[in-house]
Structure formats: structure tokens, C-alpha cells
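Trainee: One structure, pasted below without further comment.
The values are calculated or read from the model by the stated rules, or taken from the named source; none is laboratory data. If you're wondering where the values come from, they're calculated on a predicted model, not measured in any experiment. In this analysis, Cβ positions are derived from the backbone assuming ideal geometry, glycine residues included, and neighbour counts consider all displayed protein chains.
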Ligand SMILES: *Cc1c(COP(=O)(O)O)cnc(C)c1O
């Protein structure tokens, strides 16, 4: 026999609970089967009791699922949990992080609108703006992330969106999100923050005044490098537009991936604390080593924006980058000498990864563009995982010895 559950029970129990409780429990709607873990609804469509019921659901007069490109109960659970964690009125899931960015801009911008993007965003994000949105008449300008007066000067009457990643990749530069939100709002523009590097466990941009948060769930939300996904979170007014685009254009999230992400979110806080502790220990250790010329990590007192990082983040993240002596040759020798750490450009995984940004993620930029972005040939990026920190140090020591 199945039991009927009071549909409101799970939600009403979560009034006023803390972040870690929301990460484990928010968004679950228990079915009459009484399952404890989240159910996985692997179905593309839904049946109706009568023709009239079908008509009412299609017309939106009665709530309920119609087709999984529009809504799916497992995807909805993930969306509701993210909305709770980001303090958003609504969240909507996408097939990848890039689909989250695509859907946000497609939903909110039109030809003739102007967008400001921070210089140091994810490579595919730049390509999306440069190669595609520009083709459809969206004007795009780039601004150095940390320079508030440069943002103020660049903003125009037709500026619709400001788009930033903070901390930036790979140099861990920050922008004061609250101050930038004020700059945007003074001109009637919206601030969009790609919060992929921090996750809501370390930084909640909407609480700081941002209007929209986008994520690649592929990274820390999954946390174990298994599958792709993304999410957009914000106020219902804007999310309505994003949902409309997604339903029509179709980059919706697979329910299977949503289920993986629900499991990932249950351990998000624990994992981020461990990622940050490992990253902090390695950053401090690297700063002491001969052959290391500079370490970029917001958790270091030597970081120029360390005070801002302490104010707007509750942890400094898992990405540590550093410059070694002997330029590109030194960096490549360092990377090739590691044995445990994986040579890959991915991040947000329990396994630590190492990469040479100048010839991978930023390899398509011209030498001048790389110089302007501060990506030196001597730069190495490590996305710190969850292995024992002594083993990670020992592996990086192999790299140092090869310098
Ligand atoms: C990976 C990444 C993306 C793109 O996400 P995908 O899931 O790979 O599409 C966007 N922004 C940042 C900061 C990323 O690291």
C-alpha cells in the first residue's frame, strides 16, 4: 500500500532552516510511495485523466507537467533546491553552463541592447558574445573586472546587462559585487554573476544585490566530474523570460543529470570546506617555495583584494594559480613532473587538476591579448580536489624539483 503524503509538509518544515539543511532537503516532493531519496522521473511526457484535463494543463489553467522539455519533477526538485540556496525567487535548469548563459542573454536582450562583460570570463562565454550575440545586433564591450570606475564609464543608456565572474579564472581577481550592482541599477541595467567557481556555499550574489546568477553545474555542483548541466536563478519576473526561451528553444536539463546534481548538492558545503582548506594550505605552502614567483589566491594576505574576499565570500575557492621561473618551459616541466594530479583543464572535481592556461584555455588569444589579461607563459593553474593535502604537496614538489 502506498501512503498519501501531505504535499506541503516537506516545504513548511524548512522555514528558517540553515543553508546546510536546505542543501540536503530543499525541493524534495515525496511521492505516495514514501521514498526517502529523491525519485528519478525518467519520462518525456505525462498522461492526463481526460481530454478536458489535457486542455486545461496545456492552457496553463491547471498546474502539472505536460512534457519534459517544459517541466520534469526531478529537474524541478533541483531547481527549487538551487533557488533556496541562492536566495532566488526562482531557478531554471539548463543542459550545460553555456546553455544557462545563452538562455539568459537570449531571454533578456534584443538587437540594439548593450552588454558589458568582464575581460576575464570563461573562453566560451567570450566566443558566445563575440561570434553570436554580436551577429544578432547586441553590442558588447569588455571591462577590467576589478575597476569600478571603468564599469561606471563604460555603462550606456542602452546597457541591459553587466556580466561578471568573481573570482576570475585563473587569476582570482574580484569585483565588489554590491558596489557593481549599484552601478548597474543606477543606469537601469541588470547584474549577472557566473557563480560557478564559488557556488552558493561560498558566495551568494543575489544577497549582495546581483539580479541573476548563472552556474555551470558541471563543476562543483556535480563535484565528481560525471555530467553536464547548468542553472539560472533570480527574480520571477526575469526567470519567466528565461523559462519561456528554454521551453521553446530546448536546452533543458536531463532528469538523470538533475538527480546527480541533487545528490551533489547534499554534500556541497562539506566538499567546498574541504576544497578550500586544501587550496589554502597549498597556496600558503607554494608562496614559500623557491622557483615560485607569485601565487594568485584570494585567501592569501598577499592578495590585493583579500579584505574584499573576506567580506563577500565565506571561503576562497579551490582554484590556485601561480607563476614559476623559466616561463613556458618551466611551467611545462613542472606540469609534466606531476604524477598524481591530472593534466586537464576541467575543475570542480574531487580529483585535483593542473593546466597551463597560456596554451590551453587561453591559447586562442593573441600574445598581446594574453598579456593584457595577465596570463603569463609562466602561469600554472591548479583546481584543488579532495585528496590528502600531504600527497598533493608531494606531487607539486615533484614539479618544483623539475624547475
Ligand atoms: C565550465 C564553465 C562554464 C561553462 O559550463 P559548461 O557546463 O561547460 O557548459 C561557464 N562558466 C564558467 C566559469 C565555467 O567554469
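Trainee: Looking at segment 229-246, is at least one residue within 20 Å of residue 20 (Cβ to Cβ), at pLDDT 95 or above, in the same structural domain as residue 77 (by TED's automatic domain parsing) and assigned to a helix (DSSP H, G or I)?
Mentor: Within segment 229-246 (the criterion being within 20 Å of residue 20 (Cβ to Cβ), at pLDDT 95 or above, in the same structural domain as residue 77 (by TED's automatic domain parsing) and assigned to a helix (DSSP H, G or I)), the answer is no, since none of the residues qualifies.
Trainee: Within segment 372-395, can one find any residue that is over 19 Å from residue 281 (Cα atoms), part of a helix (DSSP H, G or I) and without any contact (Cβ under 8 Å) to a residue 60 or more places away in the chain?
Mentor: There is no residue in segment 372-395 that is over 19 Å from residue 281 (Cα atoms), part of a helix (DSSP H, G or I) and without any contact (Cβ under 8 Å) to a residue 60 or more places away in the chain.
Trainee: In addition: Is it the case that segment 315-324 has a residue that's surrounded by fewer than 16 Cβ atoms within 10 Å (Cβ to Cβ) and either at positive phi or assigned to a helix (DSSP H, G or I) (or both)?
Mentor: no
Trainee: Select from segment 174-185 the residues that are within 12 Å of residue 146 (Cβ to Cβ) and in contact with a strand residue (DSSP E or B) (Cβ under 7 Å, 6 or more places away or on another chain) and write down the one among them that is farthest from the ligand (Cβ to nearest atom).
Mentor: For segment 174-185, the residue satisfying everything is 180.
Trainee: Take segment 228-251 and flag every residue that is within 15 Å of the ligand (Cβ to nearest atom) and buried (at least 23 other Cβ atoms within 10 Å of the Cβ).
Mentor: 229, 230, 231, 232, 233, 246
Trainee: So which of 339, 311, 364 is surrounded by fewer than 18 Cβ atoms within 10 Å (Cβ to Cβ) and under 25 Å from residue 86 (Cβ atoms)?
Mentor: Sole residue among the options that is surrounded by fewer than 18 Cβ atoms within 10 Å (Cβ to Cβ) and under 25 Å from residue 86 (Cβ atoms): 311.
Trainee: Please tell me if residue 82 is crowded, with 17+ Cβ neighbours inside 10 Å, at negative phi and free of Cβ contacts under 8 Å to residues at least 24 places away in the same chain.
Mentor: For residue 82, the condition - crowded, with 17+ Cβ neighbours inside 10 Å, at negative phi and free of Cβ contacts under 8 Å to residues at least 24 places away in the same chain - is not met.
Trainee: Still on this model: Hey, does segment 176-198 have a residue that's free of Cβ contacts under 8 Å to residues at least 24 places away in the same chain and under 30 Å from residue 384 (Cβ atoms)?
Mentor: No, because not a single residue in segment 176-198 is free of Cβ contacts under 8 Å to residues at least 24 places away in the same chain and under 30 Å from residue 384 (Cβ atoms).
Trainee: For residues that are under 24 Å from residue 196 (Cβ atoms) and touching a residue at least 12 places away in the same chain (Cβ under 8 Å), tally how many sit in segment 327-352.
Mentor: So the answer is 12.
Trainee: Would you be able to say whether some residue in segment 263-270 is assigned to a loop (DSSP other than H, G, I, E, B) and either modelled with pLDDT of 95 or more or not assigned by TED's automatic domain parsing to the domain that holds residue 346 (or both)?
Mentor: Checked segment 263-270: at least one residue is assigned to a loop (DSSP other than H, G, I, E, B) and either modelled with pLDDT of 95 or more or not assigned by TED's automatic domain parsing to the domain that holds residue 346 (or both).
Trainee: Looking only at segment 188-204, filter to residues that are touching a strand residue (DSSP E or B) at 6+ places or on another chain (Cβ under 6 Å) and under 23 Å from residue 156 (Cα atoms); which one of those is nearest to the ligand (Cβ to nearest atom)?
Mentor: 194
Trainee: Has segment 247-255 got any residue that is over 23 Å from residue 169 (Cα atoms), modelled with pLDDT of 95 or more, within 20 Å of the chain's Cα centre (by Cα) and not in a loop (DSSP other than H, G, I, E, B)?
Mentor: Within segment 247-255 (the criterion being over 23 Å from residue 169 (Cα atoms), modelled with pLDDT of 95 or more, within 20 Å of the chain's Cα centre (by Cα) and not in a loop (DSSP other than H, G, I, E, B)), the answer is yes, since at least one residue qualifies.
Trainee: Mind checking which strands (runs of 3 or more DSSP E) fall wholly inside segment 55-173 and carry at least 1 residues that are touching a helix residue (DSSP H, G or I) at 6+ places or on another chain (Cβ under 7 Å), within 16 Å of the ligand (Cβ to nearest atom) and not assigned by TED's automatic domain parsing to the domain that holds residue 279?
Mentor: The qualifying strands (runs of 3 or more DSSP E) are 90-94, 114-118, 159-165.
Trainee: Restricting segment 218-227 to residues that are surrounded by fewer than 18 Cβ atoms within 10 Å (Cβ to Cβ) and on the phi < 0 side of the Ramachandran plot, which is farthest from the ligand (Cβ to nearest atom)?
Mentor: 224
Trainee: Can you give me the number of residues within segment 1-27 that are surrounded by 13 or more Cβ atoms within 10 Å (Cβ to Cβ), at pLDDT 90 or above and outside any helix (DSSP H, G or I)?
Mentor: Final tally of qualifying residues: 3.
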